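Enquirer: I am attaching a structure below and will ask some questions about it afterwards.
The values are calculated or read from the model by the stated rules, or taken from the named source; none is laboratory data. As the structure is a computational prediction, the values presented were derived from the model and not from experiment. Here Cβ is always computed from backbone atoms with ideal geometry, including for glycine, and neighbour counts include all displayed protein chains. Only protein heavy atoms, including side chains, enter the accessible area calculation; ligands, DNA and RNA are left aside. Shrake-Rupley method; radii C 1.70, N 1.55, O 1.52, S 1.80 Å.
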Amino acid sequence: MLTTKIVTIERFLLDTQPDYARGDLTALLYDLALAAKVIASQTRRAGLLDILGFADNVNIQGEEQRKLDVYADDIVVRLNDHTGRLCSMVSEEREDWIPIPAKYPKGHYVLVFDPLDGSSNIDTNISVGTIFGIYRALDDERRGRLEDCLQPGRDMVAAGYILYGTSTMLVYSAGQGVHGFTLDPAWGEFLLSHEGIRFPEAPKYYSFNHASAGRWSKPMKQYVDWLSASQTPILSQRYLGSMVADFHRNLIHGGVFGYPDEYNKPDGKIRLLYEAAPLAFLAEQAGGYGSDGKGSLLDIRPTHIHQRTPVFIGNRNLVEKAEAFIVGS
Ligand code: P6P
């Protein structure tokens with residue numbers, strides 16, 4: 001007989017969300033779980049899109065076939081723009097912030113998200129993911145404004161990601177630790193599979209694109225040399241080109257992911273608002289740390305919704321060592 005409890009994400013949220021979450025935050029997390037199921041069903045078929053009559057950009061149902069990241073963006077917006085839980089959204093796929101249409105009630109929360117991080121890897125079947133962060137509206141009396149979207153990560157009330165990998169996992173934190181749920185495709189339910197995830201003390205991996213080393217500063221090269229030689233046992237280098245997948249592996253096994261500034265990319269490549277800050281929120285909740293090389297990513301107040309930042313994220317001691325090399329230089 002099964003002895004372990006079967007805990008759905010709804011049950012877990014209802015049992016663990018603090019009262020201040022007003023119920024809307026719990027419902028919003030559930031809405032994101034639904035979006036995850038819809039997006040997962042499509043990414044699972046990515047290799048078949050041409051075979052299933054998507055080749056000429058119109059599928060067999062007469063729907064216009066879109067890139068999967070545009071599809072994922074559309075699903076998240078359409079599942080959340082009318083619920084009355086949000087006052088505004090920001091998506092990596094859209095140039096401007098997304099107001100809630102006037103015909104719909106406005107809510108207490110702001111949703112920022114990258115609908116499909118690492119999407120350039122889809123054609124090689126490498127894991128990709130949706131990254132999200134949730135803030136409270138700055139003014140509950142007014143409809144959403146751009147300034148509601150430009151809050152420092154420290155003010156997030158929740159963050160998470162959905163990883164479309166060998167299984168589909170939803171990993172989130174609402175400030176009480178980091179918890180992982182695995183989708184059971186037979187039941188269509190996310191079931192608690194990783195309660196209270198924390199970075200292991202002994203890291204195993206470091207994740208940097210060594211091909212960019214010629215564009216790094218000298219302290220940066222010294223730091224990566226230190227990573228590759230200083231640890232016992234030595235760290236393995238793993239870099240997928242999908243930050244959400246690299247982050248997840250390092251969260252489970254310990255390690256550090258970095259995308260530093262380069263001579264031709266002074267702010268690096270990773271977006272602060274909907275990629276770096278949500279993962280830094282999770283990292284801190286899991287006993288780790290996220291830095292831009294000088295200080296916490298969570299203390300940076302965005303001035304633009306798509307602004308980029310250098311990123312070092314993972315085991316706290318490894319990230320603080322990056323700061324020591326960079327700041328100390
Ligand atoms: P590069 C994906 O496009 C992404 O934003 C991250 O998910 C990933 O870590 C990074 O870019 C890869 O960039 O320049 O190393 O190919």
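Enquirer: Anything in segment 241-260 that is within 7 Å of the ligand (Cβ to nearest atom) and among the hydrophobic types (A, V, I, L, M, F, W, C)? List them, or say none.
Expert: Correct list: M243, V244.
Enquirer: Could you please tell me which pairs satisfy a Cβ distance under 7 Å, a separation of 6+ or placement on different chains, a first residue in segment 5-22 that is within 17 Å of G177 (Cβ to Cβ), and a second residue that is among the polar types (S, T, N, Q) and modelled with pLDDT of 85 or more?
Expert: L13/T26; L14/T26; T16/Q176; Q17/T26
Enquirer: In addition: I'm trying to understand the selection: among the residues of segment 174-220, which are within 16 Å of the ligand (Cβ to nearest atom) and either open to solvent by 40 Å² or more (accessible area, probe 1.4 Å) or hydroxyl-bearing (S, T, Y) (or both)? Step through it out loud before you land on a result.
Expert: Just the residues of segment 174-220 that are within 16 Å of the ligand (Cβ to nearest atom), to begin with: 205-216, 220.
Matches in segment 174-220: Y205, Y206, S207, N209, H210, A211, S212, G214, R215.
Enquirer: Let me ask something else. Considering segment 78-101 alone, what residues qualify as being over 14 Å from R145 (Cβ atoms) and away from the ligand (no atom under 16 Å from the Cβ)?
Expert: Across segment 78-101, the qualifying residues are R78, L79, N80, D81, H82, T83, G84, R85, R94, E95, P101.
Enquirer: Can you give me the number of residues within segment 227-240 that are away from the ligand (no atom under 16 Å from the Cβ) and either over 28 Å from T166 (Cα atoms) or not β-branched (V, I, T) (or both)?
Expert: The total comes to 9.
Enquirer: Right, another one. Anything in segment 112-127 that is more than 8 Å from the ligand (Cβ to nearest atom), at pLDDT below 95 and more than 15 Å from T168 (Cα to Cα)? List them, or say none.
Expert: D123, T124
Enquirer: Consider only pairs whose beta carbons are under 6 Å apart and that are at least six residues apart or on different chains; among these, list those whose first residue lies in segment 113-126 and is farther than 25 Å from N80 by Cα and assigned by TED's automatic domain parsing to the domain that holds G47 and whose second residue is within 8 Å of the ligand (Cβ to nearest atom) and outside any strand (DSSP E or B).
Expert: Pairs that qualify, where the first residue is farther than 25 Å from N80 by Cα and assigned by TED's automatic domain parsing to the domain that holds G47 and the partner is within 8 Å of the ligand (Cβ to nearest atom) and outside any strand (DSSP E or B), are N121/G241; N121/S242; I126/L240; I126/S242.
Enquirer: What are the residues in segment 88-108 that are in contact with a helix residue (DSSP H, G or I) (Cβ under 6 Å, 6 or more places away or on another chain) and part of a strand (DSSP E or B), if any?
Expert: Answer for segment 88-108, where residues must be in contact with a helix residue (DSSP H, G or I) (Cβ under 6 Å, 6 or more places away or on another chain) and part of a strand (DSSP E or B): S88, V90, S91.
Enquirer: State whether one or more residues within segment 264-279 are away from the ligand (no atom under 16 Å from the Cβ), modelled with pLDDT of 95 or more and not hydroxyl-bearing (S, T, Y).
Expert: Within segment 264-279, none of the residues are away from the ligand (no atom under 16 Å from the Cβ), modelled with pLDDT of 95 or more and not hydroxyl-bearing (S, T, Y).
Enquirer: Somewhere in segment 218-229, is a residue in contact with a Phe, Trp or Tyr (Cβ under 6 Å, 6 or more places away or on another chain) and in a strand (DSSP E or B)?
Expert: no
Enquirer: With (1) more than 16 Å from the ligand (Cβ to nearest atom); (2) buried (at least 22 other Cβ atoms within 10 Å of the Cβ) as the list, and Y104 as the residue in question, which single condition is left unmet?
Expert: Unmet for Y104, out of (1) more than 16 Å from the ligand (Cβ to nearest atom); (2) buried (at least 22 other Cβ atoms within 10 Å of the Cβ): (2).
Enquirer: Sticking with this structure for a sec: Answer yes or no: is there a residue in segment 260-273 that is touching a residue at least 60 places away in the same chain (Cβ under 8 Å), in contact with a Cys (Cβ under 8 Å, 6 or more places away or on another chain) and over 21 Å from A211 (Cα atoms).
Expert: yes
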